[in-house]
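Enquirer: Below is a structure I'd like to ask you about.
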Amino acid sequence: MATGCRPVPGRPAPRGRAGPTGPARPPPTLDVPALVRACQAGPVSEPGGTELPATLRRIERAAGALATASVARMDEALPWFRELPADQRSWVMLVAQAGVRSLVQWLRQGGGATDSTQEVSDEVFAAAPQALARSISLQQTVALIKVTIEVVEEQVAHLAAEGEEQPLREAVLRFSREIAFAAARVYARAAESRGSWDARLQALLVDALLRGDSPDVLASRAAALGWTDAPPVAVAVGRSPGGEVAAVLHTVYRQARRIGVEVIGGVHGDRLVIVLGGAADPVTATEKLLTAFGEGPVVVGPAVPSLDEATDSARAALAGFRAAPAWPTAPCPVAAADLLPERALAGDAEARRRLRHDVYAALVRAGGELLETLDAFFAAGGTLESAARALFVHPNTVRYRLKRVAEVTGFSPFAPRDAFALQVALTVGRLDPVVPAVAPVPNQALAPGARKAAQTGDDRRRFL
């Protein structure tokens, strides 16, 4: 009940919930006769400088009854309101009472004729703006405001003094507009605060991915952002378009919603790093997000089962992004696996390991003179007949062996791009011999006659 208002006789108590021993009490309704008696009671403090002095005195006296009736109407008309916890319902009551008091103050100041209109309307949500913004959506808040305005409009005939009904009705409509704008400002501030926090949290998550932090750190930060970890997960890296980080990430999220993928983005220096989840083909999904990146290459790391393993994808994507300028005609976006030779030349240890184990060592294990044939083919400038003459075999034999190379390694010597990858793999394999899977027995532990045989076995195993 507002300060200075008299109690309204016979006003029902607020609606109660069903207890363990009996049913819930019926919702309260506005006692119109009691409201009329309260409005016609003796004078209160005389407001000055207002066009509706008698009406303001009546509204002040009826403030508590109006707030109670508004909450009761909300309980009847809005099913979701009945499910709110008691503390949140009490916040709504406080806001409704503050709304009536603000209406009086607003009318005293000329009904919007002064510069303090926004300040007056914002005071309505000063009771618990953050709590309301977190627990009640903007759409629900608009519904609450609508119910409150309807209750006040229904009682204009009892609240307004003689001859002031129409001015009061118009003033209530104008004030409802101000309250709607105030609610929008409350939720806009909450959204900006949440957006800033999310941007910082996403930047921390991206930084943790690039540093290779523990899976627990990644999981906790991703959970705070609502990440569902839909497989597969991949990381895409490209140039940031510049400008405000919030605007860059907003573009990423808008486009990700259109294609139905989950994303977490962050600007790391001049690079835009995006974590994609739930995209069956991460390269194709990234192609639909290209407008969010700036100019230059965009590299997509390999798909992994979950965010826990996304560090490997992020490292591959970053290494590919650094090496991408060495392939000017590369597609955009490009998979990090397609940049293995450039990454190896740029010093990426993982790319060198993959070329050494998956290509060079695979050729050694396959045997069948594949390495010798591949060397002769490259030395002959990619000509089958010249390679056959150098090997003293038929050209069809060379062709068969080169097809076997493609089957073993996944790279075809007849494709220029694959031939380049094979040449780099041969170079890396011979510079960095493969470490044997089983450590050899020290020569000192062998008999003198077996020492030479062990050395020969070591020489063979170093390429396997």
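Enquirer: What order, most packed first, do the peptides 81-87, 418-424, 262-268 have when packing is the mean number of other Cβ atoms within 10 Å of each residue? Intermediate values should be presented prior to the final figure.
Expert: Values: 81-87: 12.6, 418-424: 19.0, 262-268: 22.3.
Sorting 81-87, 418-424, 262-268 by mean packing, highest first, produces 262-268, 418-424, 81-87.
Enquirer: Of Y400, Y360, which has the most accessible area with a 1.4 Å probe, and how do the rest follow in descending order?
Expert: Putting Y400, Y360 in descending order of accessible area: Y400, Y360.
Enquirer: Determine the order of F378, F175 by accessible area, beginning with the largest, at a probe radius of 1.4 Å.
Expert: On the way: F378 45, F175 10 Å².
Greatest to least solvent exposure: F378, F175.
Enquirer: How far is it, in nm, from the label point at D312 to the one at H250 when both lie 7 Å from their Cα along the line to the Cβ?
Expert: Result: 3.8 nm between the two label points.
Enquirer: Separate question: Please compute the net charge surrounding T373, taking Lys and Arg as +1 and Asp and Glu as -1 over other residues with Cβ under 14 Å from its Cβ.
Expert: On the way: positive: R389, R399, R401, K403, R404; negative: E369, E372, D375, E385, E407.
So the environment of T373 carries a net charge of 0.
Enquirer: While we're on this one: So what is Rg over Rh here for segment 363-437, counting just Cα atoms and using Kirkwood for Rh? Write down the numbers at each step before the final one.
Expert: On the way: Rg = 12.1 Å, Rh = 12.5 Å.
Radius of gyration over Kirkwood radius for segment 363-437 works out to 0.96.
Enquirer: If you rank I145, I136 by how much accessible surface each has, with a 1.4 Å probe, what is the order from largest down?
Expert: I get I145, I136, largest accessible area first.
Enquirer: If packing is taken as the average number of other Cβ atoms within 10 Å across a peptide's residues, how do 318-325, 226-233, 342-349 rank, most packed first?
Expert: Details: 318-325: 22.5, 226-233: 15.9, 342-349: 18.9.
The densest-packed peptide leads the list: 318-325, 342-349, 226-233.
Enquirer: Let me ask you something else. Jot down the radius of gyration and Dmax of segment 339-382, Cα atoms only, both in angstrom.
Expert: 12.2, 32
The values are calculated or read from the model by the stated rules, or taken from the named source; none is laboratory data. No experiment lies behind these values; they were computed from the predicted model shown. Note that we place each Cβ from the backbone using ideal geometry, even for glycine, and neighbour counts take in every protein chain shown. The accessibility values were calculated without ligands, DNA or RNA, using every heavy atom of the protein model including side chains. Shrake-Rupley method; radii C 1.70, N 1.55, O 1.52, S 1.80 Å.
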